[in-house]
1. ³J(HN,Hα) across the range 417-434 via Karplus (A = 6.51, B = -1.76, C = 1.60, θ = phi - 60°), whole Hz, x for Gly/Pro?
2. With the dipole of the range 352-502 worked out from charges on the C-beta (+1 for Lys and Arg, -1 for Asp and Glu) around the Cα centre, which of Y352, S437, A396 lies farthest toward the positive end?
3. When the chain is fully extended, how far beyond the present Cα-Cα distance does N118 get from E379, taking 0.36 nm per residue of separation?
4. With a ≥ b ≥ c the root eigenvalues of the C-alpha gyration tensor of the chain, is it rounded (a/c under 1.5), prolate (a/b larger than b/c) or oblate?
5. Taking amide H atoms as placed 1.01 Å from N in the peptide plane, list the residues 5 or more away in sequence, or in a different chain, whose amide H sits under 5 Å from that of Q284.
6. Restricting everything to alpha-carbon atoms, can you work out Rg to Rh for the range 75-210 with a Kirkwood hydrodynamic radius?
7. Which whole-Hz couplings ³J(HN,Hα) result when phi for each residue of the range 279-295 is put into the Karplus expression 6.51 cos²θ - 1.76 cosθ + 1.60, θ = phi - 60°, listed in order with x for Gly and Pro?
8. How much of the DSSP beta bridge set in the range 398-505 is antiparallel, as a percent to the nearest 5?
Amino acid sequence: MRSKRKRFWGLAVLLPATALIYVNFRHLESIKRDKKVEGLIHRDFQYVLAVSEKKLNQKAYTMTEEVRDLFPAPDGDTDADKVKKLDLVLAKNPWLAHVFLFDRDKGLLFRSQPQQLNDKYCREEHDIMEKTFGGWFSMEGQMLVEGMHKKTRPIMWYTIPTKRDGADAYITTAFFVLPQIAKDRVVMGGASFDPNYLKQSFFPEMLDGLINQKLTEDKDAGANTGLFDSAPARLAMMVYPTDYDGGQEDKPLATSSGWSKGKPEITRKLDDVFRGLGLGIKFQGTTVDAIGHRWVMQSFLILGALSVLMIGGLVLTYRSVSKEMALAHLKSDFVSNVSHELRTPLALIRLYAETLELGRITTQEKKEEYYRIIRKESERLTALINNILDFSRIEAGRKEYDFRDTDIAALVSSTLDAYRYQIEQQGFAFEQSIDQSIPVVRVDREAIARALVNLVNNALKYSANEKFLGVKLYRINDRLKLEVVDRGIGITRREQSKIFEKFYRTGDPLVHNTKGSGLGLSLVRHITQAHGGEVQVESTPGKGSKFTLSLPLATAT
Ligand code: ADP
């Protein structure tokens, strides 16, 4: 029955728990193998880069549109007036390198930031652009204008490699149609973003703005995996040239703050406004690899800790369930033991009383023997019932002790005297040693006598081959000791701690065949503790046992 329950417990609780732990560990293992974490972060990075490109472009479009609104109309003004107006646009927008106005009927007006013309590269750029654009627009101007009109924001972008201060630089130029001009006229304006402005202001500021916004915005978009929220590091971004020679990921054109060194985790080639550039992203001061690794490690640790807790919980549950089951088992044994113990003496008493009543017994000797048996059996009944009553009072917390000044040596002697006959009749060698000089102590006489009787009874019950009983009362310093010794079956070390529990009986076959309720020793312990003392057992299986009550003399007086 019990082993069946255990098996059920194993199946119902242990199996799913083990399976859960196993599946989780396998899952983590597979994440580790698939580099899933890295994959997820990379997906998030790609999303951030796409959004960033859109924002960079939008900003460039908006700036261009603002400049476009300042442009002179192609008609009305003289060329000199238009040049003046273009120069004014340059003056108002120092971030522009060049502006121009093209009219197929009137030609190209191309103006550059005056102070920049001191720069050799800038002058070269001016000359090349003026020449190229003039020729290109007169041939393909119409096509360009028609193309632009088809766009929602009629602006086109053109990039060429250039140089500033002897180093490669990046310039982008916007071509746009003027809003108030009829669609069939080949008139267009243009504005070039100054390379130094792009490198030193536009990109660094935009990138900083982007990484600061990014986290919160992405959350709203719901597009990320949530890894960014718990990511230990902030993002960093940079732009780098992709097209011309030397365009490498580790040589950024401009970076956000916190980029420091190193390669981006993910890059994206830009199109439209900033064709020829790439956008790169990574974490500040750490790599996706490291984060992925840490994430997996953390998950392992958490899972490990949870598993330990779960196993701990299971073990505790198991132990308490087994304990409850064992107690239930003991209780049912107790009921059957007690009913048996009650029935036997009652049957004997009835039998002998009936025999006497019939008057068939003639010899006085026989009669006396019958009387003695009746008395002995009633005493056993009384002892048992007293034990049970005491026990139930203790369990209900209603046990009261009646402490009185007592000559303990006399108490022990008289208690043993009542048993002496029984002891000797059962063939026991009986030794008693009682120190008569022990001072008066305050004890509950009945309780102490009951404790002693229980110990003596046990010694008688659990002795097989060598029948010896020793009782000793003595004092050591301020303690009073009462020893009950036998040379009986003994108790294993493992069971020595359990015999004082209620209902507990050892597994020895002799114990099994001997009547008992498993209450005696739990009463002995309760009584001793109520007197401020303790009870100890020393025992060797097969050799015998020694139970020692130890009571304090001080509190007893
Ligand atoms: P009971 O004797 O009614 O079974 P107790 O509480 O007095 O209950 O004892 C509990 C158990 O301890 C006994 O069943 C027996 O297994 C063991 N025990 C007690 N005293 C002795 C002893 N002197 N020698 C061997 N075993 C003992």
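1. Whole-Hz 3J(HN,Hα) from phi for the range 417-434: 4, 5, 9, 3, 4, 4, 4, 6, 5, 7, x, 8, 7, 10, 10, 10, 9, 10.
2. Final value for the positive-end residue is A396.
3. 81.1 nm
4. Taking the square roots of the gyration eigenvalues as a ≥ b ≥ c, the chain is prolate.
5. R234, L235, A236
6. 0.97
7. These are the phi-based 3J(HN,Hα) values: 10, x, 9, 7, 8, 6, x, 8, 10, 4, 4, 4, 5, x, 4, 5, 4 Hz.
8. On the way: 11 of 17 bridges.
Rounded to the nearest five, the antiparallel share is 65 percent.
Read the figures in this text as sums done on the coordinates, not as results from a lab. Being a predicted model, the structure only gives us computed values, none of them experimental. Here Cβ is always computed from backbone atoms with ideal geometry, including for glycine, and neighbour counts include all displayed protein chains.
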